[in-house]
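Everything below concerns the one structure shown next.
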Amino acid sequence: MASEDVKRSESAVTTIVNLAEEAKFAKEGVQAPSHAFLSICKSLVAGGVAGGVSRSAVAPLERLKILLQVQNPHGIKYNGTIQGLKYIWKTEGFRGMFKGNGTNCARIIPNSAVKFFSYEEASKGILYLYRQQSGIEDAQLTPLLRLGAGACAGIIAMSATYPMDMVRGRLTVQTEMSPRHYRGIFHALTTVLWEEGPRALYKGWLPSVIGVVPYVGLNFAVYESLKDWLIKRRPFGLVEDSELGVTTKLACGAAAGTVGQTVAYPLDVIRRRMQMAGWKDAASVVTGDGNSKAPLEYTGMVDAFRKTVRYEGFGALYKGLVPNSVKVVPSIAIAFVTYELVKDVLGVELRISD
């Protein structure tokens, strides 16, 4: 009996010590290991759901944007947003409107999950270093530091899933008239790897990395800065009890998306064109039904810019901008709002400002 009492006492002491340690972690703004792992999982789930929902909502516009970006100038089939959507519906039907969406979701869910989680972790790390260097314990992230955190998150997420994005672009532009069809993600990956080599899976990676800085970085920076400004200034009664409503968050996300996509769009066009280069039996929209006059091979990003402007003019760098503008605003806004809503439902606690 005495030994059992001792064991109970030791167990009680251990429990108290563990609770005290967790309380200390919480006070210092650090989560206990088990809680930290749970928070990580919840952040990943929230980010994945946000990415999947937002992309699925604008899938027809996403496909049209890519078709406009890569179609051969000597075989125009898609000429504007309305005409392009009508043409897809007429020639491919309802399924054509969502072609490539499954592949996009398979890519964007892990991409968004890693991106949102990486941004939170990068923000915590940058804020910690900033407070250490400035000596101000309650210092907050500046827009420039948020830009850095967003850029880091975007590069990590994009690099981790880039081969899927590369084959997703090719799967998206396939039509019934394409000489040969990829049967899915795995078939496309293995075919590209076998016929074009492993480096082909990262075609267009450099402009993608460069484009991450203004696109993802400005998305996060503008969104977070707008939120902070609205909470501090409380204009037009948009903030109640230090919380933004769903509509206000949607507007912040829309503004962030507009700024980011406008600055980075030419790099996105070049990325897509580099992904199509070297494609054996390419989709007819790329080859112009065999009537191609412009070269489809590029030695690099600069060469792709040069040839695009030389053969099609400066405006070619903004092909597909209209459907992209229509889709990117609700897409990114829905992604941000969905992420925060799912995060609140799951009870994710972010300690960036603690």
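The values are calculated or read from the model by the stated rules, or taken from the named source; none is laboratory data. Nothing here was measured: the structure is a model prediction, and the numbers come from that model. Counting neighbours? That spans all protein chains shown, and the Cβs are built from the backbone with ideal geometry, glycine included. When the accessible area is computed, the model is the full protein with side chains, heavy atoms only, and any ligands, DNA or RNA have been set aside. Shrake-Rupley method; radii C 1.70, N 1.55, O 1.52, S 1.80 Å.
Spot the failing condition for I231; the list is (1) among the hydrophobic types (A, V, I, L, M, F, W, C); (2) touching a residue at least 24 places away in the same chain (Cβ under 8 Å); (3) over 29 Å from A283 (Cβ atoms), and only one is missed.
(2)
Which residue is nearest to A304 (Cα to Cα), if the candidates are limited to region 60-69 and must be open to solvent by 10 Å² or more (accessible area, probe 1.4 Å) and hydrophobic (A, V, I, L, M, F, W, C)?
Among those that are open to solvent by 10 Å² or more (accessible area, probe 1.4 Å) and hydrophobic (A, V, I, L, M, F, W, C), it is L68.
Would you check if there is a residue in region 247-267 being farther than 19 Å from Q174 by Cβ, modelled with pLDDT under 75 and not in a helix (DSSP H, G or I)? First the steps, then the outcome.
Kept after step one, since they are farther than 19 Å from Q174 by Cβ, are these residues of region 247-267: 247-267.
Among the residues that remain, those that are also modelled with pLDDT under 75 are: 247, 250.
Right, trim to not in a helix (DSSP H, G or I) and you get none.
The answer is no, given that none of the residues of region 247-267 is farther than 19 Å from Q174 by Cβ, modelled with pLDDT under 75 and not in a helix (DSSP H, G or I).
Does T103 fit the bill of being assigned to a helix (DSSP H, G or I), under 27 Å from G84 (Cα atoms), in contact with a helix residue (DSSP H, G or I) (Cβ under 9 Å, 6 or more places away or on another chain) and modelled with pLDDT under 85? Working first, answer last.
Details: assigned to a helix (DSSP H, G or I): yes; under 27 Å from G84 (Cα atoms): yes; in contact with a helix residue (DSSP H, G or I) (Cβ under 9 Å, 6 or more places away or on another chain): yes; modelled with pLDDT under 85: yes.
Answer is yes for this residue.
Across region 195-209, what is the total count of residues that are under 9 Å from M166 (Cβ atoms) and in a helix (DSSP H, G or I)? Break it down into steps so the answer makes sense when it comes.
Going through region 195-209, the residues under 9 Å from M166 (Cβ atoms) turn out to be 200-205.
Cutting the leftovers down to in a helix (DSSP H, G or I) gives us 200-202, 205.
The qualifying residues number 4.
Which one is nearest to Q71 (Cα to Cα) among residues in region 307-331 that are open to solvent by less than 20 Å² (accessible area, probe 1.4 Å) and modelled with pLDDT under 90? Let's see the steps before the verdict.
Taking region 307-331 as the starting set, the residues that turn out to be open to solvent by less than 20 Å² (accessible area, probe 1.4 Å) are 308, 316-317, 320, 323-324, 327-328, 331.
Within this subset, residues satisfying the condition of being modelled with pLDDT under 90 are 324, 327-328, 331.
Values: N324: 16, K327: 19, V328: 21, S331: 24 Å.
Looking at residues that are open to solvent by less than 20 Å² (accessible area, probe 1.4 Å) and modelled with pLDDT under 90, I get N324.
In region 333-347, what residues are within 11 Å of V45 (Cβ to Cβ) and surrounded by 19 or more Cβ atoms within 10 Å (Cβ to Cβ)? If you could, list the steps in order and put the result at the bottom.
First, the residues of region 333-347 that are within 11 Å of V45 (Cβ to Cβ): 339, 342-343, 345-346.
Listed by number, the residues that qualify are Y339, V342, K343.
When you check I155 against the structure, is it at pLDDT below 80, open to solvent by 40 Å² or more (accessible area, probe 1.4 Å), in a helix (DSSP H, G or I) and within 24 Å of V45 (Cβ to Cβ), yes or no? Walk me through how you get there before you give the answer.
Numbers: at pLDDT below 80: no; open to solvent by 40 Å² or more (accessible area, probe 1.4 Å): yes; in a helix (DSSP H, G or I): yes; within 24 Å of V45 (Cβ to Cβ): yes.
For I155, the condition - at pLDDT below 80, open to solvent by 40 Å² or more (accessible area, probe 1.4 Å), in a helix (DSSP H, G or I) and within 24 Å of V45 (Cβ to Cβ) - is not met.
Quick one: count up the residues across region 243-262 that are farther than 13 Å from L341 by Cβ, open to solvent by 30 Å² or more (accessible area, probe 1.4 Å) and within 18 Å of the chain's Cα centre (by Cα).
4
Give the residue that is least open to solvent (accessible area, probe 1.4 Å), with candidates limited to residues of region 178-187 that are without any contact (Cβ under 8 Å) to a residue 24 or more places away in the chain and either of a type in the set (A, V, I, L, M, F, W, C) or in a helix (DSSP H, G or I) (or both). Walk me through how you get there before you give the answer.
First pass over region 178-187, keeping only residues without any contact (Cβ under 8 Å) to a residue 24 or more places away in the chain: 181-183, 186-187.
Cutting the leftovers down to either of a type in the set (A, V, I, L, M, F, W, C) or in a helix (DSSP H, G or I) (or both) gives us 186-187.
Working: F186: 159, H187: 46 Å².
Among those residues, the one meeting the criterion is H187.
Do the conditions hold for A160, that is, is it in a helix (DSSP H, G or I) and in contact (Cβ under 8 Å) with a residue 60 or more places away in the chain?
Numbers: in a helix (DSSP H, G or I): yes; in contact (Cβ under 8 Å) with a residue 60 or more places away in the chain: no.
Judged against the criteria, A160 is not a match.
Inside region 74-92, can you point out the residues that are surrounded by 12 or more Cβ atoms within 10 Å (Cβ to Cβ) and among the charged types (D, E, K, R)?
Narrowing region 74-92 to residues surrounded by 12 or more Cβ atoms within 10 Å (Cβ to Cβ): 74-75, 77-78, 80-81, 83-89, 91-92.
K77, K86, E92, listed by residue number.
Being over 19 Å from P60 (Cβ atoms) and at pLDDT 90 or above is the filter here, so list the residues in region 166-183 that pass it.
Once the filter is applied, which keeps residues that are over 19 Å from P60 (Cβ atoms) and at pLDDT 90 or above, region 166-183 yields M166, V167.
Step by step: first the residues of region 99-130, then only those that are free of Cβ contacts under 8 Å to residues at least 40 places away in the same chain and crowded, with 16+ Cβ neighbours inside 10 Å, then the one that is nearest to the chain's Cα centre (by Cα). Which residue is that? Please lay out each step first, then the result.
Quick first cut of region 99-130, residues free of Cβ contacts under 8 Å to residues at least 40 places away in the same chain only: 102, 118, 121-122, 125-126, 128-130.
Okay, now just the ones that are also crowded, with 16+ Cβ neighbours inside 10 Å, so 118, 121-122, 126.
On the way: S118: 12, E121: 16, A122: 16, I126: 21 Å.
It comes out as S118.
How about region 312-348: which of its residues are farther than 24 Å from R63 by Cα and in a helix (DSSP H, G or I)? Full working, then the answer.
We begin by selecting, within region 312-348, every residue farther than 24 Å from R63 by Cα; these are 340-348.
Selection gives E340, L341, V342, K343, D344, V345, L346.
Got a number for residues in region 76-100 being touching a helix residue (DSSP H, G or I) at 6+ places or on another chain (Cβ under 8 Å), closer than 21 Å to R55 by Cα and among the basic types (K, R)? Reasoning before the result, please.
Initial filter on region 76-100 (touching a helix residue (DSSP H, G or I) at 6+ places or on another chain (Cβ under 8 Å)): 77-78, 80-81, 84-85, 88-89, 96-100.
Pick out the ones that are also closer than 21 Å to R55 by Cα and you get 80-81, 84-85, 88-89, 96-100.
Checking which are among the basic types (K, R) leaves us with 99.
The total comes to 1.
Specify which of the listed residues (Q133, Q140) is farther than 20 Å from I210 by Cα, outside any helix (DSSP H, G or I) and not hydrophobic (A, V, I, L, M, F, W, C). Spell out the reasoning first.
Numbers: Q133 fails: outside any helix (DSSP H, G or I).
After applying the criteria, what remains is Q140.
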